[in-house]
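Here's the structure we're looking at; comments come further down.
The values are calculated or read from the model by the stated rules, or taken from the named source; none is laboratory data. Worth saying up front: this structure is predicted, and the values here are computed from it rather than measured. We place every Cβ from the backbone using ideal geometry, glycine too, and count neighbours over all the protein chains shown. Areas reflect the complete protein model, heavy atoms only, side chains present, ligands, DNA and RNA absent. Shrake-Rupley method; radii C 1.70, N 1.55, O 1.52, S 1.80 Å.
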Amino acid sequence: KPVQMAFDTKGRLWVAAWKNYPHWQPKTPMDDKLLILEDTNGDGKADKCTVFAGDLQNPTGFEFWNGGVLVGQQPNLVFLKDTNGDGIADERRVLYTGFPKVNPEARITNPRLAIDNWIYASNTGSDGRITSPDRPERPPILVRGTDFRFRPDRGIAEPSSGPAPGGRAPTSP
């Protein structure tokens with residue numbers, strides 16, 4: 001069951017898919033996926049499906065970034081990357097954690113790169129204390145009543161005005 005779809009620069013269709021959407025339960029196993037569909041024979045139809053990343057729990061949106069993909073999957077915002085060219089993510093790193101485990105439409109969703117080079121993610125104002133495993137010395141970012149924005153290239157993040165309900169319009173090419 002697709003939650004988000006986007007084409008990459010190679011013309012492949014990426015799909016965040018939930019096995020149990022919209023009937024998610026708190027103890028749902030981590031068996032959701034980020035798929036890559038591609039047309040390998042040029043007939044205009046997808047004939048190959050690769051599981052870029054499995055064992056995800058409720059991916060609520062993604063954005064291409066730095067040769068990989070940023071994925072919101074409560075309580076984390078993760079970076080996934082294929083480093084050996086086989087189409088499967090072999091790098092998986094939590095950039096931020098602490099987003100609330102709430103209704104699927106009210107979670108950290110839809111990260112989008114904006115023209116100001118910040119990546120904005122909807123949080124629908126849900127209460128969270130966001131931390132970065134890469135920077136444990138920094139105080140938590142409180143996002144109650146706000147959305148969230150970050151610059152992974154600089155390692156900075158902050159609340160952003162909001163809250164946006166359940167998503168953002170694409171702002172990147």
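The residue of the range 64-82 that is nearest to R107 (Cα to Cα), among those that are assigned to a loop (DSSP other than H, G, I, E, B) and open to solvent by 10 Å² or more (accessible area, probe 1.4 Å), is P75. Under 6 Å between Cβ atoms, which residue pairs at least 6 apart in sequence (or on different chains) link something in the range 100-118 that is touching a residue at least 60 places away in the same chain (Cβ under 8 Å) with a partner that is small (G, A, S) and surrounded by fewer than 21 Cβ atoms within 10 Å (Cβ to Cβ)? Filtered contacts from the range 100-118: E105/G166; N110/G167.
In summary, R92 fulfils each of the numbered conditions (1) in contact (Cβ under 8 Å) with a residue 40 or more places away in the chain; (2) open to solvent by 50 Å² or more (accessible area, probe 1.4 Å); (3) in a strand (DSSP E or B); (4) not β-branched (V, I, T) with the single exception of condition (1).
Conditions tested, residue by residue: (1) at pLDDT below 90; (2) within 24 Å of G128 (Cα to Cα); (3) crowded, with 18+ Cβ neighbours inside 10 Å.
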{"position": "K19", "(1), (2), (3)": "yes, no, no"}
{"position": "K27", "(1), (2), (3)": "yes, yes, no"}
{"position": "E38", "(1), (2), (3)": "no, no, no"}
{"position": "G42", "(1), (2), (3)": "no, no, no"}
{"position": "G54", "(1), (2), (3)": "no, no, no"}
{"position": "F62", "(1), (2), (3)": "no, yes, yes"}
{"position": "N84", "(1), (2), (3)": "no, no, no"}
{"position": "Y96", "(1), (2), (3)": "no, yes, yes"}
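Could you tell me whether any residue of the range 100-115 is of a type in the set (V, I, T), more than 29 Å from E137 (Cβ to Cβ), modelled with pLDDT under 95 and open to solvent by 50 Å² or more (accessible area, probe 1.4 Å)? There is at least one residue in the range 100-115 that is of a type in the set (V, I, T), more than 29 Å from E137 (Cβ to Cβ), modelled with pLDDT under 95 and open to solvent by 50 Å² or more (accessible area, probe 1.4 Å).
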